[in-house]
Structure formats: structure tokens, C-alpha cells
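The values are calculated or read from the model by the stated rules, or taken from the named source; none is laboratory data. Just so it is clear, the model here is predicted, and its values are computed rather than measured. Counting neighbours? That spans all protein chains shown, and the Cβs are built from the backbone with ideal geometry, glycine included.
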């Protein structure tokens, strides 16, 4: 009976340990997600108006690559960065969907989609903040590319 209890306890401890170990998403999954997003941007009927999303993706990819190299030997930090990157890609994909819906919705529905868009950009800015904290001066800021006039005005103030 004692052996059975010890086996159950050992199995329970193992399951807890296994649950705490971060799940690593494969490179193929990351590449698949990136290709899906790029394809969504390129084939979108609003593709001529997707500069913001393209810049967000390009800068985010540069920041992600730099962080993944920097923390490739720290499994926990690396898993957090990969999760942030996958969430970031999904959020940009959601922004594209909302922009499509704003293009075809009625004026009564527009407020709901504008609210969704604002919430999505908050998520994007939080990911930028986390990446910037980790990269410091090496962070590639998409805001400088999207709104260069605002950056100049802030520097002159």
C-alpha cells in the first residue's frame, strides 16, 4: 500500500513539474503564422491601405528575432517572447479583420469596430513596451516609421 501511495505522489509531482515547464512553439509553427499573416496582408482587398500593419509586422519581426537570439538559452524568457510574438501576429490579424469590417459595415456598427480596434492597438502597444524593455536602445520602433512627423515634433519639444 505504501508503494502505491508513493507512486501516486511521484506521478502527481511529475505532472506538476511538467505543467510548469514552458511549452516551446516550433519554428515551423512560427513561420506558418508569419506566412499566414503576410498572405492575409498581400491578398486583402485593402492591401493598398495596409502600410501600418506591414510596418508593425516588419518591426515586430526584427525585434522578435533579436530577442529570440538574445534569450535562446533562457527557456522561460524565450517561451515568453515566442508567446508574445504569436499573440502579436494574431492581434495584427485581428486588426486586419476589423479594418475589413469597418470598410463594409453600416454606420451603426462602426462604433463597435472602432472600439475593438482601439483595444487591439492597446495589446500591440503593450507588446511593444515589453519588447522595448528587453531590447533598450536596440528596439526598432514602428511609431518612428508610421508617424515620423510626430517623432520630430516630440524631439523638438
Completion exercise
Those residues of the stretch 116-142 that are in contact with a helix residue (DSSP H, G or I) (Cβ under 7 Å, 6 or more places away or on another chain), part of a helix (DSSP H, G or I) and closer than 17 Å to residue 68 by Cα come to a total of 6
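Only one residue in 143, 149, 100, 108 is over 22 Å from residue 61 (Cβ atoms) and at pLDDT 90 or above. Which one? Step through it out loud before you land on a result.
Details: 143 fails: over 22 Å from residue 61 (Cβ atoms); 149 fails: at pLDDT 90 or above; 108 fails: at pLDDT 90 or above.
Of 143, 149, 100, 108, the one residue that is over 22 Å from residue 61 (Cβ atoms) and at pLDDT 90 or above is 100.
Answer yes if at least one residue in the stretch 120-137 is at positive phi and either in contact (Cβ under 8 Å) with a residue 24 or more places away in the chain or surrounded by fewer than 18 Cβ atoms within 10 Å (Cβ to Cβ) (or both), and no otherwise.
Filtering the stretch 120-137 for residues at positive phi gives 136.
Still in the list and also either in contact (Cβ under 8 Å) with a residue 24 or more places away in the chain or surrounded by fewer than 18 Cβ atoms within 10 Å (Cβ to Cβ) (or both): 136.
Among the residues of the stretch 120-137, at least one is at positive phi and either in contact (Cβ under 8 Å) with a residue 24 or more places away in the chain or surrounded by fewer than 18 Cβ atoms within 10 Å (Cβ to Cβ) (or both), which makes the answer yes.
Over 14 Å from the mean Cα position of the chain (by Cα), under 25 Å from residue 30 (Cα atoms) and assigned to a helix (DSSP H, G or I): which single residue out of 145, 89, 81 fits that description? Reasoning before the result, please.
Working: 89 fails: over 14 Å from the mean Cα position of the chain (by Cα); 81 fails: over 14 Å from the mean Cα position of the chain (by Cα).
Just a single option satisfies the conditions, and that option is 145.
Assess whether residue 37 counts as being under 11 Å from the mean Cα position of the chain (by Cα) and buried (at least 16 other Cβ atoms within 10 Å of the Cβ).
Values: under 11 Å from the mean Cα position of the chain (by Cα): no; buried (at least 16 other Cβ atoms within 10 Å of the Cβ): yes.
So residue 37 does not fit the description; no.
On the basis of being surrounded by fewer than 10 Cβ atoms within 10 Å (Cβ to Cβ), assigned to a loop (DSSP other than H, G, I, E, B) and free of Cβ contacts under 8 Å to residues at least 12 places away in the same chain, does residue 45 make the cut?
Working: surrounded by fewer than 10 Cβ atoms within 10 Å (Cβ to Cβ): yes; assigned to a loop (DSSP other than H, G, I, E, B): yes; free of Cβ contacts under 8 Å to residues at least 12 places away in the same chain: no.
It is false that residue 45 is surrounded by fewer than 10 Cβ atoms within 10 Å (Cβ to Cβ), assigned to a loop (DSSP other than H, G, I, E, B) and free of Cβ contacts under 8 Å to residues at least 12 places away in the same chain.
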Practice task
Consider residue 58 carefully, then state whether it is modelled with pLDDT of 90 or more, surrounded by 11 or more Cβ atoms within 10 Å (Cβ to Cβ) and over 18 Å from the mean Cα position of the chain (by Cα).
Solution key: no
